[in-house]
Amino acid sequence: MLTIHAADQVVGGGGYLKDGAVAVDGALIAAVGALPELTERFPGARVRRWPGVLGPGLVHDGPLPDAPSPRERVHAVLKLGATAVVAGHVGTAELRAAAERNDVRVLGAARAAVLEVDGRADLAVFAEEYGVGEAVATVCAGRLVHRRR
């Protein structure tokens with residue numbers, strides 16, 4: 001089922017789009033644009049509206065936060081809006097397995113995240129300035145994996 005994630009602003013491609021949205025089909029981005037355009041283009045899509053700024057999921061380039069279990073350590077990263085971690089910081093089999101179960105990418109090195117059509121649907125929404133604080137929502141490979149209550 002196609003889902004449109006909409007927010008007050010979408011950041012990507014070097015700028016901000018007011019009242020923007022990202023259409024997600026399975027694990028991939030189907031389109032990025034203004035919400036009215038995407039709802040017209042995909043009339044049967046489920047629409048999720050988020051407060052704040054929506055952009056690509058972040059890459060966590062540091063040790064995973066301390067927590068009682070590998071699953072909770074990975075979830076702590078998802079709460080920060082990260083959808084990828086650097087391999088050097090997930091050195092145990094348990095951490096790698098927890099990342100895989102949550103569709104968190106394990107990268108050889110940090111790199112800039114982007115929103116691109118036909119790219120993997122890794123998204124994060126922040127209530128305030130993009131990339132600061134706990135995420136409102138995090139989507140990994142098209143699947144909602146964190147939502148702030």
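The values are calculated or read from the model by the stated rules, or taken from the named source; none is laboratory data. Model, not experiment: these values are computed from the prediction. Virtual Cβ from ideal backbone geometry, glycine too; neighbours counted across all protein chains shown. When the accessible area is computed, the model is the full protein with side chains, heavy atoms only, and any ligands, DNA or RNA have been set aside. Shrake-Rupley method; radii C 1.70, N 1.55, O 1.52, S 1.80 Å.
Each distinct pair of alpha carbons in region 96-149 adds a 1/r term; the inverse of their mean, the Kirkwood radius, is 12.4 Å.
Relative to the longest principal axis of the Cα atoms of the chain, the long axis of helix 70-79 makes an angle of roughly 30 degrees. Residues of region 2-27 with an amide N closer than 11 Å to a point placed 7 Å from the Cα of Ala34 along the Cα-to-Cβ direction: 18-20.
The calculated Kirkwood hydrodynamic radius for region 1-84 is 14.0 Å, given to one decimal from all distinct C-alpha pairs.
Ordered by packing density, taken as the mean number of other Cβ atoms within 10 Å over each peptide's residues, highest first, how do 58-65, 70-77 rank? The partial results should precede the final answer.
On the way: 58-65: 17.4, 70-77: 20.0.
Order by mean packing, descending: 70-77, 58-65.
The charge dipole of the chain, taken about its Cα centre with unit charges on the Cβ atoms of Lys, Arg (+1), Asp and Glu (-1) only, comes to about 380 debye. Per-residue surface analysis assigns Lys79 an accessible area of about 80 Å², computed on protein heavy atoms at 1.4 Å probe radius. Heavy atoms of the protein chains alone define the surface here; on that basis the chain has 51 Å² accessible area per residue at 1.4 Å probe size.
If each DSSP helix of 4+ residues adds -39,500 (n - 2.57) and the sum is divided by the residues in the chain, what number results at 222 nm, nearest 500 deg cm²/dmol? List each step's numbers first, then the result.
Numbers: 3 runs with 26 residues, N = 149.
Result for the chain: -5000 deg cm²/dmol, rounded to the nearest 500.
Rounded to the nearest whole Hz, the Karplus-based 3J(HN,Hα) values (6.51 cos²θ - 1.76 cosθ + 1.60, θ = phi - 60°) of region 21-27 follow the sequence 7, 10, 8, 10, 10, x, 9, with x at glycine and proline.
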